[in-house]
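What follows is calculated from the coordinates using simple rules that are stated; it is not laboratory data. Fair warning: this is a prediction, and the values are worked out from it, not measured in the lab. Positions of Cβ are generated from backbone atoms using ideal geometry, with glycine treated the same way; all protein chains shown enter the neighbour counts.
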Amino acid sequence: MKKWMQFLLLVASVSSAGALLASGGGEEGDSRQLPPVANAKWKAECSSCHMLYHPGLLPEKSWQKLMAGLDRHFGENAALDAPTRDEISRFLTANSADKLDNRRSRRIVQSIPADAAPLRISETAYFTAKHDEISATTFKRKSVGSASNCAACHQGAERGDFSENKVRIPR
Amino acid sequence: MRNTLLLFGLLFSISALAATPQELLQQYGAQAKQESAAFAGFSADRGASFFRTERADSGGRQVSCSTCHTADPRNPGKTRANKAIEPMAPIANPQRFTDAAKVEKWFGRNCKDVLERACTAQEKGDFIQYLVNVK
């Protein structure tokens, strides 16, 4: 191979590797934050009683189980008419942690045993490891309520932003 | 044929979203008449006591409407998951009882939570009558 051809090849391979890095690494997407998602029914129905949980926080099997038991939803009746329930189910599935390419969703999925389908994000090993320095009394503070109230400390939680440097734990 | 017409009427009344509290009271009044021949109108007093009366649910919790909505329906309430609930009384929140489907959705859920059964049209009407009368 001629010298100038070798040089061209080298330039081409270096620049394509650079492009791959800049785009976030292809398959192993290293985007830290959950991507923005939107569905009007999800937003309206899933935030009347509690904060709006991003679908990328649980795998498809968890959402399926949760949506199949809305009449006994953590001790409350949250039943929906069938068309609304089905639309929200499809949206949650399409944007579930196993379908989204970002590090947080991937790690949540990895922390769940194959035979488990947790309904609470706070029951995943990912969650407990991430919050091991937060005491039970902090979670029980009036300003927090419980571990299910992400937005008390993660102000961007409903947008899927859980960046550690933005955490503000209320008194 | 008559049944079909009735069905269409019912579907229309369910899908007709915009309503006033008075229209809802009329609809529940018509239903209450069908449920009981002895129906003699709605009572704000009965609605008030319905709103506050506590009962022990099968999980041993003392529950009433006011558990989450507070005893004063002009005040905002709080869900068990710590989220604010807009006031129930139209005087404090004019959006209340203006959407028939929404009203039915929440009666459907909350009657089963608090009473562990569906509410009657009499109870629904008394409840709305009470809240509409709050000044």
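Sorted ascending by nearby beta carbons within 10 Å, beginning with the fewest, B:ASP45, A:ASP98 become B:ASP45, A:ASP98. Cys residues of chain B that find no other Cys beta carbon under 4.7 Å: B:CYS65, B:CYS68. The local environment of A:CYS49, defined by Cβ-Cβ distances under 9 Å, has a net charge of +1 under the rule Lys, Arg +1 and Asp, Glu -1. Amide H contacts under 5 Å for B:ILE85: B:GLY77, B:LYS78, B:THR79, restricted to partners 5 or more places along the chain or on a different chain, H placed in the peptide plane at 1.01 Å from N. A simple charge model with +1 on the Cβ of Lys and Arg, -1 on the Cβ of Asp and Glu and nothing else charged puts the dipole of region B:53-135 at about 200 debye relative to its Cα centre. Which of the three applies to region B:2-133, rounded, prolate or oblate, going by the alpha-carbon gyration tensor with a ≥ b ≥ c and a/c under 1.5 meaning rounded? In terms of gyration-tensor shape, prolate.
Residues in region A:108-116 carry Karplus couplings, in order, of 4, 4, 4, 7, 9, x, 4, 9, 10 Hz; the curve used is 6.51 cos²θ - 1.76 cosθ + 1.60 with θ = phi - 60°, and Gly or Pro positions show x. Take the alpha-carbon centre of region B:102-135, take the same for region A:44-117, and report the distance between them in whole Å. Here the two parts' Cα centres lie 29 Å apart.
Computed over the alpha-carbon atoms, region A:31-166 gives an Rg to Rh ratio of 0.94, Rh here being the Kirkwood radius from the mean inverse distance. Protection proxy ranking for A:144-153, A:34-43, using the average of other Cβ atoms within 10 Å per residue and placing the highest first: A:144-153, A:34-43.
Inter-chain Cβ neighbour count for A:76-83, averaged per residue, equals 4 (cutoff 10 Å, partner chain atoms only).
Once backbone amide H atoms are built at 1.01 Å from N, B:ASP99 has B:ALA19 as its partners under 5 Å, excluding neighbours fewer than 5 places away on the same chain.
In this Cβ point-charge picture (+1 for Lys and Arg, -1 for Asp and Glu), region A:60-149 has a dipole of about 360 debye about its Cα centre. Residue ranges A:50-60, A:119-129, B:53-63 sort as A:50-60, A:119-129, B:53-63 when ordered by packing (mean number of other C-beta atoms within 10 Å per residue, highest first).
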